[in-house]
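Notes for the one structure printed next.
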Amino acid sequence: MRGPPPKPDAIKIAQGTMRSNRQRKNPPVASGCPRCPFTITSIAGRKWKEITQGLKRLGLIDSIDQTHIEGLCRQYQLAKQADKLIAKDGITIEGSIGSIVANPACNVSAKAWAAVRQYGNDLGLNHLSRQRMESTATKVEDDIESKYLA
């Protein structure tokens with residue numbers, strides 16, 4: 001094993017760790033945002049919009065990423081649905097012979113959240129990478145003083 005997977009150049013630039021002597025000669029160029037395969041009002045559709053907007057802002061999205069983002073959104077929707085069932089029915093349910101057993105939705109939820117974390121790590125969406133970045137992304141101006149007193 002040769003170590004961690006290489007970071008995209010956009011992340012290196014945002015973190016301020018890009019070195020010209022290690023820059024790729026022919027880096028991949030983002031060719032645009034993939035189309036959303038979900039209805040916009042669904043849980044997965046709203047998550048798709050949130051993720052693609054964030055990746056666009058960082059310049060890290062490409063149309064080839066559709067399958068990966070779709071997998072993340074599907075697993076996220078599955079996890080949210082399982083969590084809703086757990087909230088309704090509880091962690092334990094009554095079994096077929098009257099015994100108390102663990103709710104199967106707990107297992108579904110745990111596996112779906114693990115898949116969401118894995119997809120997020122693969123796409124560079126975890127909180128640690130955001131903390132390390134000195135983002136060159138567009139920032140929303142929320143400072144009232146600079147807005148009105150500039």
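Things worth noting here:
- Ala114 vs. criteria buried (at least 16 other Cβ atoms within 10 Å of the Cβ) and modelled with pLDDT of 90 or more: no
- Filter pass, Ala82 being in contact with a helix residue (DSSP H, G or I) (Cβ under 9 Å, 6 or more places away or on another chain), under 22 Å from Gly54 (Cα atoms) and not in a loop (DSSP other than H, G, I, E, B): no
- The one condition in (1) exposed (fewer than 11 other Cβ atoms within 10 Å of the Cβ); (2) outside any loop (DSSP other than H, G, I, E, B); (3) at pLDDT 80 or above that Arg35 fails to fulfil: (2)
- In segment 67-88, residue surrounded by the fewest Cβ atoms within 10 Å (Cβ to Cβ) [restricted to those that are within 15 Å of the chain's Cα centre (by Cα) and over 12 Å from Leu123 (Cβ atoms)]: Lys80
- Segment 98-126, residues that are closer than 21 Å to Thr52 by Cβ and free of Cβ contacts under 8 Å to residues at least 12 places away in the same chain: Arg117, Gln118, Asn121, Asn126
- Filter pass, Lys56 being surrounded by fewer than 17 Cβ atoms within 10 Å (Cβ to Cβ), charged (D, E, K, R), modelled with pLDDT of 80 or more and more than 21 Å from Lys7 (Cα to Cα): no
- Qualifying residue in segment 74-82 (condition: within 24 Å of Lys7 (Cβ to Cβ) and of a type in the set (S, T, N, Q)): yes
- Gly90 farther than 21 Å from Trp48 by Cα, at pLDDT 80 or above and out of contact with any Cys (no Cβ under 9 Å at 6 or more places or on another chain): yes
The values are calculated or read from the model by the stated rules, or taken from the named source; none is laboratory data. Given the structure is predicted, the values throughout are model-derived calculations rather than measurements. All Cβ positions, even for glycine, are placed from backbone atoms using ideal geometry, and neighbour counts span all protein chains on display.
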